[in-house]
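Written out below as structure tokens is the structure these notes cover.
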Amino acid sequence: NADVRINNMIKKIVELTKKLISFKTTINNIEELNNAVTLIKKELFNFTIEEYEKNKIKSLLIYNHKPKNNKKFRLILNGHLDTIPGKSNQYIPKIVDDRLYGVGSLDMKGGLSVITCVFKELSKNLSYPLALQITTDEETGGFFGTKYQIENGVSADFVITAEPTHLDIVYKAKGILWLKANFIGKSFHSAYPWNGENAIEKANNFINKLTKIIKNPKKNQWKTTVNLASINSSNTAFNKIADNCELWLDIRFIPEDKKILNKIKKLLSNKDDLKILVNEPSFLVDKNNKNILKLKKITKDILGKNPVLRGANGSSDARHYSYINVAAIEFGPKGGGIGSDDEYVEISSLNNFYLIMKKFLLDLNHH
């Protein structure tokens, strides 16, 4: 009977994923995002649903019991409905062998469907407060979904965001710095360079120093990286010394490199100006966190091998929890082609993810 139940469950998960893929949930398509939110509300109509909204961005907090101390849940399962845009044929889900193709199938409508279905199946029978956090703006930073809920007091002992991780446990991720560095010089006719001060040269000197302290690795390594995204000057004449130059920098910093911003500031002179456009935290959870150890053991029991514990180069909503010292990890299914014309999630992996999450939720009941 257990096998029949599992088969029925994977059918439900695949059906929900297919329905969600058919919504064009790009960040500016508020109507379709709201349609997807409505679908989740219908799925979970007999639970407590708190609705949040900021700047027209909706998010949900759905739970089984209200925590004794306001909004601190034993566990939050987090997922986002928004996707990056795809081609129109990608909104028609298709299954080929073990692969379910479609926009957002992997990032992250498959994982979100699993946590929705497992919440629906189990949460009424759990003694501890469990919440499902569904957001619609992760791809643009999660400021009005996950972060807004946290600002309104939502908290937990532990958070799992069902991002696609190949069933690896992502316990740390890089932070993001977007900087504009402005260099000021002094213009003069270029035949007399000693009378001027070239701002582009100043920018070049800065780049040389910066790439000494941040050396981009040649392959995937756990290191801070820098992308020189743009270099601009308003100067339009060959025979004039440029008196201004602006650099755009995208820095992805590892949690172990907390002082990177101070190091960069030290490379600039007093005249130069540094604008910080984005400064998003990295996150790092202790590998020996009891919830990670439990998840690791359950994953090994179900998959027959230890999951990989690793860091992520990209960012997710898990980082918002680092502001309130809550341990948040990424853990979710396998697939491929994120952001491409051939994005897919593996159905067998959705099944494994479901089995792991089910055992994890039930195990928490006994502790």
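The values are calculated or read from the model by the stated rules, or taken from the named source; none is laboratory data. Values in this document were obtained by computation on a predicted structure and should not be read as measured data. Please note: Cβ atoms are built from the backbone with ideal geometry, for glycine as well, and neighbour counts cover all protein chains shown. Just the protein is used for accessible areas: all its heavy atoms, side chains included, with ligands, DNA and RNA removed. Shrake-Rupley method; radii C 1.70, N 1.55, O 1.52, S 1.80 Å.
For every residue, the table says whether it meets (1) of a type in the set (Lys, Arg); (2) over 16 Å from Lys24 (Cβ atoms); (3) loosely packed, with under 12 Cβ neighbours inside 10 Å.
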{"residue": "Tyr52", "(1), (2), (3)": "no, yes, no"}
{"residue": "Lys56", "(1), (2), (3)": "yes, yes, yes"}
{"residue": "Tyr63", "(1), (2), (3)": "no, yes, no"}
{"residue": "Lys66", "(1), (2), (3)": "yes, yes, no"}
{"residue": "Gly79", "(1), (2), (3)": "no, yes, no"}
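Of all the criteria given as (1) surrounded by 15 or more Cβ atoms within 10 Å (Cβ to Cβ); (2) touching an Asp or Glu at 6+ places or on another chain (Cβ under 8 Å), the one not satisfied by Glu280 is (2). Scanning the stretch 342-367 for residues that are at pLDDT below 95 and not in a helix (DSSP H, G or I) turns up His366, His367.
Mind checking which residues of the stretch 89-136 are assigned to a strand (DSSP E or B) and either open to solvent by 20 Å² or more (accessible area, probe 1.4 Å) or at pLDDT below 95 (or both)? Answer for the stretch 89-136, where residues must be assigned to a strand (DSSP E or B) and either open to solvent by 20 Å² or more (accessible area, probe 1.4 Å) or at pLDDT below 95 (or both): Lys94, Ile95, Val96, Arg99, Tyr101. Residues that are within 12 Å of Ser315 (Cα to Cα) number at least 3 in the following strands (runs of 3 or more DSSP E) confined to the stretch 147-189: 169-173, 175-184. Checking each residue in the stretch 66-88 for being over 19 Å from Val326 (Cβ atoms) and either over 22 Å from the mean Cα position of the chain (by Cα) or outside any loop (DSSP other than H, G, I, E, B) (or both) picks out Lys87, Ser88. For the stretch 17-50, a tally of residues being among the hydrophobic types (A, V, I, L, M, F, W, C), free of Cβ contacts under 8 Å to residues at least 24 places away in the same chain, outside any helix (DSSP H, G or I) and open to solvent by less than 60 Å² (accessible area, probe 1.4 Å) returns 1. Kindly indicate whether any position in the stretch 222-231 is out of contact with any Cys (no Cβ under 6 Å at 6 or more places or on another chain), part of a loop (DSSP other than H, G, I, E, B) and loosely packed, with under 13 Cβ neighbours inside 10 Å. Within the stretch 222-231, none of the residues are out of contact with any Cys (no Cβ under 6 Å at 6 or more places or on another chain), part of a loop (DSSP other than H, G, I, E, B) and loosely packed, with under 13 Cβ neighbours inside 10 Å. Considered as a group, the residues in the stretch 63-108 that are of a type in the set (Ser, Thr, Tyr) and touching a residue at least 60 places away in the same chain (Cβ under 8 Å) include one that is nearest to Glu330 (Cα to Cα), and that residue is Ser105.
Can Thr83 be described as hydroxyl-bearing (Ser, Thr, Tyr) and open to solvent by less than 20 Å² (accessible area, probe 1.4 Å)? Yes: the conditions hold for Thr83. Every listed requirement among (1) outside any strand (DSSP E or B); (2) in contact (Cβ under 8 Å) with a residue 60 or more places away in the chain; (3) hydrophobic (A, V, I, L, M, F, W, C) is met by Leu249 save one, (1). Checking Lys180, Lys209, Lys186, Lys174 one by one, the residue that is under 30 Å from Asn55 (Cβ atoms) and open to solvent by 20 Å² or more (accessible area, probe 1.4 Å) is Lys180 and no other.
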